[in-house]
Amino acid sequence: MTKMSYAIEDKIALITLDDGKMNVMNWEFFQELNDCLDRALADKASVLIFTGRQGIFSAGLDLKLLPTLSTIEEQLQFQNTFATTMLRVYMFPVPTIAAYAGHSIAGGAILSYACDRFMVADGPYKIQINEVANKMLIPSWISLICRSSIPPQWWKEALLHSRAYTPREAFERGIVDDLIKEEGKVMESAKSFARDLFKLHGPAYACTKKFMRQEEADKALNALEKELREWAK
């Protein structure tokens, strides 16, 4: 794998994003991420943790790739891959944790919000959904994932106004669940929380998450093509 690595230890699966650069999301990224998710299921992991190398989780979609998608069909195919992969994380049948010390922009923040727990180190980092500021649409599926993590009073600020938060600002708004004071202890904290989740009944967790989220996720995904075609006009 060139975009990320996978490991499992003590029933905890760990996906580490690290392409040596900004961990941007493209065709290869989504293929590798889905492969890692398949491995976590095959390994019967009890918890899945996403992290990145220190300083960067992900800068989001590969902006060098997007201009090469010259037809609406190519754009729809890529955006559908983006959506189905992120929604797969959002619906993943085992508990998921995003835990890192670094920047998390656009797709990186979306992946974090798709997880069931969001833990980040305090530091000079940025967490931002910057699509509107970058002349991009926020379709229903992204809004659904973000609103599951961002408290309602901050929806306008975070989504419509593209507000960039430091980890501490995000924590103070309830967007981040846990603010870790020492960068070197993020993974220790994540694994400790993960082990606390071992007591949960796996099938009950998976079924409850499905009942909580599946209907809205399906509706949002089904609206994607219509929304993108309307935006393309």
*Count, please, the residues in region 166-181 that happen to be at negative phi and either touching a helix residue (DSSP H, G or I) at 6+ places or on another chain (Cβ under 9 Å) or surrounded by 18 or more Cβ atoms within 10 Å (Cβ to Cβ) (or both).*
10
*So which residues in region 81-100 are open to solvent by less than 20 Å² (accessible area, probe 1.4 Å), β-branched (Val, Ile, Thr) and not in a strand (DSSP E or B)?*
THR85, VAL89
*If a residue has to be of a type outside the set (A, V, I, L, M, F, W, C) and either modelled with pLDDT under 95 or more than 27 Å from GLU215 (Cα to Cα) (or both) to count, how many in region 131-174 make the cut?*
12
_Given (1) closer than 18 Å to LEU228 by Cα; (2) touching a residue at least 12 places away in the same chain (Cβ under 8 Å); (3) of a type in the set (Gly, Ala, Ser), number of the condition ALA114 does not satisfy_ = (1)
_Selection count, region 1-52, where residues are of a type in the set (Val, Ile, Thr) and either without any contact (Cβ under 8 Å) to a residue 12 or more places away in the chain or farther than 23 Å from GLN79 by Cβ (or both)_ = 6
*asked:* Among (1) assigned to a helix (DSSP H, G or I); (2) open to solvent by less than 50 Å² (accessible area, probe 1.4 Å); (3) within 22 Å of LEU87 (Cβ to Cβ); (4) of a type outside the set (Phe, Trp, Tyr), there is one condition GLU157 misses while meeting the rest; what is its number?
replied: (3)
*Pair list, Cβ under 9 Å, 6 or more apart: region 123-145 residue closer than 22 Å to GLU169 by Cα, other residue among the acidic types (Asp, Glu)*: GLY123/GLU183; ILE127/GLU169; ILE142/GLU131; LEU144/GLU216
_Those residues of region 189-221 which are surrounded by 12 or more Cβ atoms within 10 Å (Cβ to Cβ) and free of Cβ contacts under 8 Å to residues at least 40 places away in the same chain, in sequence order_ = CYS207, THR208, MET212, ASP218
*Starting from residues that are free of Cβ contacts under 8 Å to residues at least 24 places away in the same chain and not polar (S, T, N, Q), keep the ones in region 65-87 and report whichever is nearest to MET22 (Cα to Cα).*
LEU66
*Do you know which residues across region 107-151 are open to solvent by 10 Å² or more (accessible area, probe 1.4 Å), among the small types (Gly, Ala, Ser) and outside any helix (DSSP H, G or I)?*
GLY123
*In region 197-233, which residues are of a type in the set (D, E, K, R), assigned to a helix (DSSP H, G or I) and more than 24 Å from ILE49 (Cβ to Cβ)?*
GLU215, GLU216, ASP218, LYS219, GLU225, LYS226, GLU227, ARG229, GLU230
*asked:* With the requirement that a residue be of a type in the set (D, E, K, R), closer than 14 Å to ASP116 by Cβ and not in a loop (DSSP other than H, G, I, E, B), what does region 165-196 give you?
replied: ASP178, ASP196
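The values are calculated or read from the model by the stated rules, or taken from the named source; none is laboratory data. Remember, it's a predicted structure, so these values are computed and weren't measured experimentally. No Cβ is skipped: glycine too gets one built from the backbone with ideal geometry, and neighbour counts run over all protein chains shown. Note: areas computed on protein heavy atoms with side chains; ligands, DNA, RNA excluded. Shrake-Rupley method; radii C 1.70, N 1.55, O 1.52, S 1.80 Å.
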